[in-house]
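A short write-up of the structure that comes next.
No value in this document is a laboratory result; all are computed from the given coordinates. Bear in mind the structure is a predicted one, so any value in this text is a computation, not a measurement. In this analysis, Cβ positions are derived from the backbone assuming ideal geometry, glycine residues included, and neighbour counts consider all displayed protein chains.
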Amino acid sequence: MTNPPTDQQKNWTLEKLEDGRMALNMGPSHPAMHGIVRILLTVDGERVSDADIEIGYLHRGFEKTCETVTYNQCIPYTDRLNYVSPFINNAGFALAVEKLMGIETPARCQYIRVIMSEISRITDHLTCIGANAMELSAFTVYFYLINAREALYRLGDSAAGGRVTPAYARVGGLTRDLPPDFKRDTAEAFKILKKNLDDADKLLTRNRIFYDRLRGTGHISKEDAVALSFTGPALRSTGVPYDVRKASPYLVYDRFDFEVPVGSEGDNYDRYLVRMEEIRQSVRIVEQALAQLPDGPVNHPGYDVILPPKAEVYGGIEALMAHFKLTFEGVKPPKGEIYQAVEGGNGELGFYIVSDGTGNPWRLRVRPPCFSLTGGLANMIKGGYLADIVATFGQINMIGGELER
């Protein structure tokens, strides 16, 4: 038996009958919607007169899952928030727990976290620009940028042992140090990146079709972006120079010379330009960090924080006991609450943790940048053409893992 239409559905029918407007679904099966977002559109011809963004087709349960495991066991789950830039998620979560515990990692660890985070930021922006260009039929650019991303993925794999989900950070340090040839391999990877980025720049930036598809579409004002809690390239495209690395420096970002690129129009084209320049700025940061990289350990010395070396575990009872306690019970921050933010690929990524003194988080919340951006999508597409939705949705760079965590 068919359910009777709701009042909302009746209104849509009346709209279609009386003034020619139609109610349409875009997604979740639409390829540009990534299979997990549905846009309920009211259209007048080719123009979008109203839109309602519906998430809920993917739910990972990140926050509640993390409350049932130890702090270090949360690290693999953070990989899967924004799986295009996982090193940033790892570092952000580890920093939050370390802030709660009142500890600081060695200088070499902090430099390495910056290096891997910026490499992750580059891969995030390459994926966004390449995929968005492909969705607008610029297929060649996709191969240029994904080829560059592959070189960077190999760097991450060499350091962490995982291409996409590295789980590289630990509370108090890292799983391992960088490999001996990492500086040389990074220089080689950046040669590929710079060449392919220049090729993409020549193909896209002054391309009449690409320019017309992005300039003036997906516009949002500075005031609306701030009111909707936008961060990252989407906010900076409106002219607001907010970047967590500058506003609230963490790790060793205050030791590097880099700029925060901003736009002025708040449209898709400015978001594209901001991301292109951010890639170049991230290259600058990595090159400076590698030049300044100090020697020394990469882990906190306390055995109540980091697993002891295997040689000591096999030969000493104290190290053996510490190994078992950390493995089964995990680190135990004091009671309290903390919020730690880092600059993710799409904006401010923050972790809020409440500790009850045990080895598991009592409460954990994540502030993912994509949630606010997707919430503001309706404002950005109203009044535009149906075809502009693909360009706008691609430029906010929605990542499902952190959107529905």
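Taking the range 103-126 on its own, how many of its residues are of a type outside the set (Asp, Glu) and either free of Cβ contacts under 8 Å to residues at least 60 places away in the same chain or touching a Ser or Thr at 6+ places or on another chain (Cβ under 9 Å) (or both)?
10
Does any residue of the range 285-299 turn out to be β-branched (Val, Ile, Thr), over 21 Å from the mean Cα position of the chain (by Cα) and part of a loop (DSSP other than H, G, I, E, B)?
Filtering the range 285-299 down to residues β-branched (Val, Ile, Thr) leaves 285-286, 298.
Right, trim to over 21 Å from the mean Cα position of the chain (by Cα) and you get 298.
From what's left, part of a loop (DSSP other than H, G, I, E, B): 298.
Checking the range 285-299: at least one residue is β-branched (Val, Ile, Thr), over 21 Å from the mean Cα position of the chain (by Cα) and part of a loop (DSSP other than H, G, I, E, B).
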In the range 72-92, residues that are in a loop (DSSP other than H, G, I, E, B), crowded, with 24+ Cβ neighbours inside 10 Å and in contact with a Phe, Trp or Tyr (Cβ under 8 Å, 6 or more places away or on another chain) total 1
Picked from the range 351-405 (must be within 26 Å of Gly336 (Cα to Cα) and hydroxyl-bearing (Ser, Thr, Tyr)), the residue farthest from the chain's Cα centre (by Cα) is Thr358
For the range 161-176, pairs from a residue that is over 21 Å from Gly302 (Cα atoms) and touching a residue at least 12 places away in the same chain (Cβ under 8 Å) to a residue that is of a type in the set (Lys, Arg) and in a loop (DSSP other than H, G, I, E, B), with Cβ under 9 Å and 6 or more apart or across chains, are Gly161/Arg176; Thr165/Arg80
Residue hits (the range 278-306; of a type in the set (A, V, I, L, M, F, W, C) and without any contact (Cβ under 8 Å) to a residue 60 or more places away in the chain) are Ala291
Here the residues within the range 331-353 that are surrounded by fewer than 20 Cβ atoms within 10 Å (Cβ to Cβ) and either touching a residue at least 24 places away in the same chain (Cβ under 8 Å) or in contact with a helix residue (DSSP H, G or I) (Cβ under 9 Å, 6 or more places away or on another chain) (or both) are Lys332, Pro334, Gly336, Glu337, Ile338, Tyr339, Gly350, Tyr352
Worksheet item: Is the range 54-64 home to any residue that is assigned to a helix (DSSP H, G or I), surrounded by fewer than 22 Cβ atoms within 10 Å (Cβ to Cβ) and of a type outside the set (Asp, Glu)?
Response: yes
Within the range 372-405, the residues that are hydrophobic (A, V, I, L, M, F, W, C) and surrounded by 19 or more Cβ atoms within 10 Å (Cβ to Cβ) are Leu373, Leu377, Met380, Ile381, Ile389, Val390, Ala391, Phe393, Ile396, Met398, Ile399, Leu403
